2 protein chains.
Amino acid sequence: MALIVHKYGGTSMGSPERIRNVAKRVAKWHRAGHQMVVVPSAMSGETNRLLGLAREVSPAAQTPQMLRELDMIASTGEQVSVGLLALALQAEGIDAVSYAGWQVPVRTDASYTKARIESIDDQRVRADLSAGKVVVITGFQGMDDAQNITTLGRGGSDTSAVAIAAAMKAAECLIYTDVDGVYTTDPRIVPEAKRLHTICFEEMLEMASLGSKVLQIRSVEFAGKYRVPLRVLSSFTPWDINIDEEAKSGTLITFEEDENMEQAVVSGIAFNRDEAKVTVMGVPDKPGIASQILGAVADANIDVDVIIQNVSNDGKTDFSFTVHRNDYQRTLDLLKTQVQPATNAAQVVGDNKICKVSIVGIGMRSHVGVASKMFRSLSEEGINIQMISTSEIKTSVVIDEKYMELAVRALHKAFDLDDPNAAGAKIGS
Amino acid sequence: MALIVHKYGGTSMGSPERIRNVAKRVAKWHRAGHQMVVVPSAMSGETNRLLGLAREVSPAAQTPQMLRELDMIASTGEQVSVGLLALALQAEGIDAVSYAGWQVPVRTDASYTKARIESIDDQRVRADLSAGKVVVITGFQGMDDAQNITTLGRGGSDTSAVAIAAAMKAAECLIYTDVDGVYTTDPRIVPEAKRLHTICFEEMLEMASLGSKVLQIRSVEFAGKYRVPLRVLSSFTPWDINIDEEAKSGTLITFEEDENMEQAVVSGIAFNRDEAKVTVMGVPDKPGIASQILGAVADANIDVDVIIQNVSNDGKTDFSFTVHRNDYQRTLDLLKTQVQPATNAAQVVGDNKICKVSIVGIGMRSHVGVASKMFRSLSEEGINIQMISTSEIKTSVVIDEKYMELAVRALHKAFDLDDPNAAGAKIGS
C-alpha cells in the first residue's frame, strides 16, 4: 500500500473505450490498496486540433498576450480528459474527482506555452486521498500568480506527473506509454535491442536529450532533482494483467548507483537525424570569435547543439556547429549575410544530410578506451566521422545520414548489447 | 461612450471565419469609444460533442459527483471560444483578454449542470476596461464556493451575459442571435408577422416561457430583476453596418411602461407543441386530492404546466394537466400504477397530439373581452378548446395539434397584428 502516480499518454486516452480501459487499470491499483493520483494527457489529436483552430483565427500568435490565449485554448484538451476519466472511474464504482491545474493549484511562472512549475499545493489532493478518492489531475498546465492559465509546452504532461509525484512524495510515478520501456537502442533499427530493467538517471537524461523519445527531457530532470522513482511501461498490456507483474514491468529510472550490480560500460545507443551542420571557414583565430558567431545565432533564437572549433592553421580556423534541421536555412542565411562580413570569414558551408549517433553509459566514467573503441568500430565499417562531442557519460559523433543504421548496429554489437548474457542484471529479458 | 455587453451565440462562433467577423464587429464598437465586454457561446455543435463523449464513457451520469465531471467537460467549449475570440481581436489590433468564469470570478451555487449565479466580482474586468482592453468572458459557467467548475445549463450563456451586464451596470446588453428580433409570432407560420421594436419585460417573459426560443427564460428573469436593458438583434448583418443603425436594430426589452406609447392590447402569439395532456377521471372531489395526484408527479421529477380541475359532478371530478411530451408515457404509467389505485379514480386517459397557443400582451391588464375574443376567433375556425389557462397578461388554450397553424394565423389576424398600421409605435417596420 503506497501513494502511486499514474500518467497516461494521448494514445491511451484516444477514445471512450480506451478511457474505460484506463479506468479499469487504475481501479485495479486502487482496489489493491494504493492511494492513486492519475495524470492523463489530452485525447490524441486534440491539442493539434485546438492549436489548428487558433492558427486559423490568428496565424501568427507571438506576443505574450496571444500566447496567453493559446494556453487558454490548448489547456482545455486535458480538462476534457480528466473529466472523462473521472466519469469512467465513477462508472467502475470508484469515488473519483478531477482537477484542472488551477484547482490544485499547480503554480507556474508566467511563460505562456512553455511555463515552468514553481510549486504544487498538496493539501486538497491529500484530503481527497485520505477520503478514499482517486484524484485525476490535468497534465501540461498550471496557473501563474495572476490566476492566468499556463501550459508547460508539448509533452508537458510527463513533467506534470513527475512534479505531482514529487510534491506528494509518491512511492513511484508510472508513465504508461506506447513503448514498453527504454531499450538499448531503437528495436526498429536493431532487432536484437533489449529492454533495460533499470537505467540510471544520468543515462536516461542523455538518452532523452539525444533523441530517444520515450520521456520528455524536462520530466527526467525533474525526477532527478526530486529523486522521484520513475517507471516507463506499456499501456498496451491488458488492464487485468497481474498487478505484481505490472509493477515490475517496463524500465525503472534509478538515482542510486547499485555497487553490487554488474555495470555495463555502455547502456544504450542513441541517435538523432533532426540536426544539420554548418561551418564558418577561415575565420581569424582570435579571442571573441566564438561568441561573435554564436551570439548572432542566439540572438535569432536558434538553438545550437554540438560545437567544434578546429585548431588554428596560419591564424585562421574553422568553426562548426549543429542546429535543428528546421533552422538550417535560416542559420545559413544569417551566417552569410551577417557573420561572414563581420568576421571576414572565407566561406560558409553547410550540410543537412547528417545524423548524430551516441553511446551512453554511466560505466564510461570508470572505463578508459570506450571512445576509441567507438571510433574504431565506425572506421571498420568505413564510416567517416565529421564531428565529435563528449561528456562524462556519453560520446557523440556526427556522420553522414546514410550511415546511421549501419553505425547504430555496429556499435550495438561492439559494446555487447546484442549479447543476451553480457550485460547482466541491467538488461531485460 | 458607454459600457456595452455583447453576447454571441454558437452559430456566430461556428468557424474561425465567423469568429474573425465577430471580432471585427466588436472592434468597431470598441473603436466607437465604448467599453466592451463580450460573452461568446461554445462553437456550434461543440457542447453536444463533449457531452456525447461523456455519454460514451458513462451512459448514465446522475450523481452529483458525475454531474460535477460533466460540468468540467462541458465548460471547455466556452473556454476555447473566449481564447479564439481574444486572439481574433488581437489580430485586429485590439488589446483583448479572455477569462473563464472562475477567473472573474462568477460565483454560483453547487447545483452542477443547472447552477445559479450568486455573485460576480467586477474588479478584474473593470481594471481591464479602464486599461482600454476588450474583455471576453465565458458564458454558461461559474465556480462554486469550493472552487469547482459549474455550468448554468443549456442556453446559460444568455444568462451569463445579462448577469455580467447587471454586475458591471452596463448601459445595454446586446444578444446577437440568428433571428433579427422578437416577432409578433413565428414568421414561418404567419408570413405577415412583424418584428417588435420594443417588448416589455413581462411580455417577453411570457413569450419566452411559452416557446418563443429567442432568449433563455432565466436570462429574461435576470434582466427583469436587475433592470438590464436587453436587445435581441441579428448576428447576420454585415459586421461593418453603420453602428448607429445597428444600435437601434432588433428588439429592445424594456422595463418601464411608456404611457405615451400607443399600447397594443396583444403584442404577440406564442405556441408550443412540446406538451402532452393527461386526465385522471372520476376522482372523489375532496380536499387534498390535487396534492395527492400532483405530489406523486412532482416526486417523479416531472414538471407540470397547465393544470385544470373541472367542477364537481356527483362528488366526482376530472383532473387534467399537461407535461412535457418526453415525460408523457412515464406520467401515464405513474398515474395508472400509483395514483389511480390510491385515489380510486375511474380512469386515466391522455393525449400527446396537442399544442398550446397563447396570446400575450401587457395591454390585456386594462382591456376586457380579450379572452372571449380569442375564444370566438377559434370557434369561428371550428377549433375545439380542450383546456384554458390565464394569467394577468396572457391567455393560453390547449387544442388539437393539427389546428396549431390555423389557430395562430386566425389569432394573429383577429388581434390586428397583420395590420402594418394598427399597432403603432410598438411594431417594427
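The values are calculated or read from the model by the stated rules, or taken from the named source; none is laboratory data. Bear in mind that the values here come from a model prediction, so they are computed numbers and not experimental data. In this analysis, Cβ positions are derived from the backbone assuming ideal geometry, glycine residues included, and neighbour counts consider all displayed protein chains. For accessibility, only protein heavy atoms count, side chains too; no ligands or nucleic acids. Shrake-Rupley method; radii C 1.70, N 1.55, O 1.52, S 1.80 Å.
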(request) State the three equivalent ellipsoid semi-axes of chain A, derived from the C-alpha gyration tensor as the square roots of 5 times its eigenvalues, in descending order and whole Å. (result) 41, 29, 17
(request) Please quote Rg/Rh for the stretch A:312-363 to two decimal places, taking the Kirkwood radius as Rh and restricting both calculations to Cα atoms. (result) 1.10
(request) Just flag the trypsin sites (Lys or Arg not before Pro) in the stretch A:262-363 sitting in loop per DSSP whose Cβ has no more than 12 other Cβ atoms within 10 Å. (result) A:K353
(request) Excluding residues on the same chain fewer than 8 positions from B:K248, give the lysines whose Cα lies under 28 Å from its Cα. (result) B:K7, B:K24, B:K28, B:K133, B:K169, B:K194, B:K213, B:K225, B:K394, B:K413, B:K426
(request) Starting from the alpha-carbon convex hull of the stretch B:307-426, give the projected area averaged over all orientations, in nm². (result) 9.7
(request) Sort out for me the Cα centre separation of the stretch A:216-245 from the stretch B:375-422, rounded to whole Å. (result) 70
(message) If I fit a long axis through the Cα atoms of helix A:156-167 and take the longest principal axis of the Cα atoms of chain A, what angle between them do I get, 0 to 90°, rounded to 10?
(response) 60
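Mind putting a number on the dipole of chain B about its Cα centre? Charges go on the C-beta only, +1 for Lys and Arg and -1 for Asp and Glu, and I need it in Debye to the nearest 20.
Charge dipole of chain B: 500 debye, to the nearest 20.
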(message) Using only Cα atoms and rounding to the nearest 10 degrees, what angle (0 to 90) does helix B:217-226 make with the longest principal axis of chain B?
(response) 70
(message) I want the antiparallel fraction of DSSP beta bridges within chain A, as a percent rounded to 5.
(response) 65
(request) Pull up the DSSP beta bridges for the stretch A:3-254 and report the antiparallel fraction as a percent, rounded to 5. (result) 30
(request) Quick one: accessible surface of A:E17, probe radius 1.4 Å, all protein chains present, in square angstrom to the nearest 10. (result) 120
(message) Take B:S312 and A:E401, extend 7 Å from each Cα along the Cα→Cβ direction, and tell me the distance between the two endpoints in nm.
(response) 9.6
(message) Taking 22 Å as R0, compute the FRET efficiency from the Cβ-Cβ separation of B:M1 and B:D95 and round it to 0.05.
(response) 0.80
(request) Over the stretch B:3-254, with every protein chain in place, what whole percent of the accessible area is carbon and sulfur at 1.4 Å, could you tell me? (result) 50
(request) Mind checking the per residue accessible area of the stretch A:3-254 for me, 1.4 Å probe, whole number of Å²? (result) 35
(request) Would you mind telling me the antiparallel percentage of the DSSP bridges in the protein assembly as shown, rounded to 5? (result) 65
(message) From the C-alpha coordinates alone, can you work out the Kirkwood hydrodynamic radius of the protein assembly as shown, in Å?
(response) 31.7
(message) Cut-off 10 angstrom, C-alpha nodes, Gaussian network model of chain A. Which of A:A247, A:A115, A:A163 fluctuates the most?
(response) A:A247
(request) With chain A rotated onto chain B, spot the residue of A whose Cβ lies nearest the axis and note the distance in whole Å. (result) A:T76, 2
(message) To make sure I understand the rule: partners must be lysines, Cα under 19 Å from the Cα of A:K353, and not fewer than 8 residues away in the same chain. Which ones qualify?
(response) A:K277, A:K402
(request) Please say if the stretch B:125-189 is rounded, prolate or oblate, where rounded means a/c under 1.5 for a ≥ b ≥ c the square roots of the C-alpha gyration tensor eigenvalues, and otherwise the choice is prolate for a/b larger than b/c and oblate otherwise? (result) oblate
(request) Apply 1/(1 + (r/R0)^6) to the Cβ-Cβ distance of B:D351 and B:D240, taking R0 = 51 Å, and write down the FRET efficiency to the nearest 0.05. (result) 0.50
(request) Go ahead and set up a Gaussian network model of chain B, Cα springs under 10 Å, then flag whichever of B:S396, B:S372, B:S235 fluctuates most. (result) B:S372
(request) Just need the Rg to Rh number for the stretch B:1-156, please, alpha carbons only, Kirkwood Rh. (result) 1.00
(request) Quick one: dipole size for the protein assembly as shown, taken about the Cα centre, charges +1 on Lys/Arg Cβ and -1 on Asp/Glu Cβ, in debye to the nearest 20. (result) 300
(message) Only Cα pairs within less than 10 Å get springs; with that Gaussian network setup on chain A, which residue of A:V360, A:V304, A:V22 has the largest fluctuation?
(response) A:V304
(request) Please say if the stretch B:165-314 is rounded, prolate or oblate, where rounded means a/c under 1.5 for a ≥ b ≥ c the square roots of the C-alpha gyration tensor eigenvalues, and otherwise the choice is prolate for a/b larger than b/c and oblate otherwise? (result) prolate
(request) Can you tell me the dipole magnitude for the stretch B:3-254 around its Cα centre, using point charges on the Cβ only (Lys, Arg +1; Asp, Glu -1), in Debye to the nearest 20? (result) 160
(message) Just to be sure I understand the interface: list residues from the stretch B:86-101 that lose 50 Å² or more of accessible area between the chain on its own and the complete protein assembly, 1.4 Å probe.
(response) B:L87, B:Q90
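I'd like the interface area for chains B and A: accessible area of each alone minus the complex, both sides summed, 1.4 Å probe, protein heavy atoms only. What is it in Å² to the nearest 100? Kindly include the intermediate steps, with their values, before the conclusion.
Details: alone 19460 and 19500 Å², together 35270 Å².
The buried area between B and A, both sides summed, comes to about 3700 Å².
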(message) Under the convention of a label 7 Å out along Cα→Cβ, give the distances in nm from B:A110 to the same position in every other copy, shortest first.
(response) 3.3
(message) What percent of all Cα-Cα pairs in the stretch B:88-211 falls into each 10 Å bin, going from 0 up to the bin containing the maximum distance?
(response) 12, 34, 30, 20, 5, 0
(message) Per residue, how large is the accessible surface of the stretch B:317-429? Use a 1.4 angstrom probe and give square angstrom.
(response) 46
